[in-house]
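The structure appears below as structure tokens.
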Amino acid sequence: MTADLGEVIVESVRNGLYLKVTAVHVATGTEATAVGPAAEPKAVERLAVAKLRRLIATS
């Protein structure tokens, strides 16, 4: 998905007005989840990837 992270799998699940996005780093199996409004799917995806970046940087 992004050059500096390598391969990332992004999964989105809608539940009513909310969207849950999970980003998984393929090389390490590390995952981060973000929940937000279903009307803003790209924003929720960006948040999940940002959380994943932070998790990988601190590990």
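The values are calculated or read from the model by the stated rules, or taken from the named source; none is laboratory data. Remember, it's a predicted structure, so these values are computed and weren't measured experimentally. Reconstructed Cβ throughout: ideal geometry from the backbone, glycine too, with neighbour counts over all protein chains shown.
Things worth noting here:
- Residue in the stretch 36-47 that is acidic (Asp, Glu) and either surrounded by fewer than 16 Cβ atoms within 10 Å (Cβ to Cβ) or in contact with a Ser or Thr (Cβ under 6 Å, 6 or more places away or on another chain) (or both) present: yes
- Residue that is nearest to LEU55 (Cα to Cα), among those in the stretch 1-35 that are small (Gly, Ala, Ser) and part of a loop (DSSP other than H, G, I, E, B): GLY29
- Of all positions in the stretch 38-59, none carries a residue that is part of a strand (DSSP E or B) and without any contact (Cβ under 8 Å) to a residue 40 or more places away in the chain.
- Number of the exception - GLY6 against (1) at pLDDT 95 or above; (2) in contact with a His (Cβ under 8 Å, 6 or more places away or on another chain): (1)
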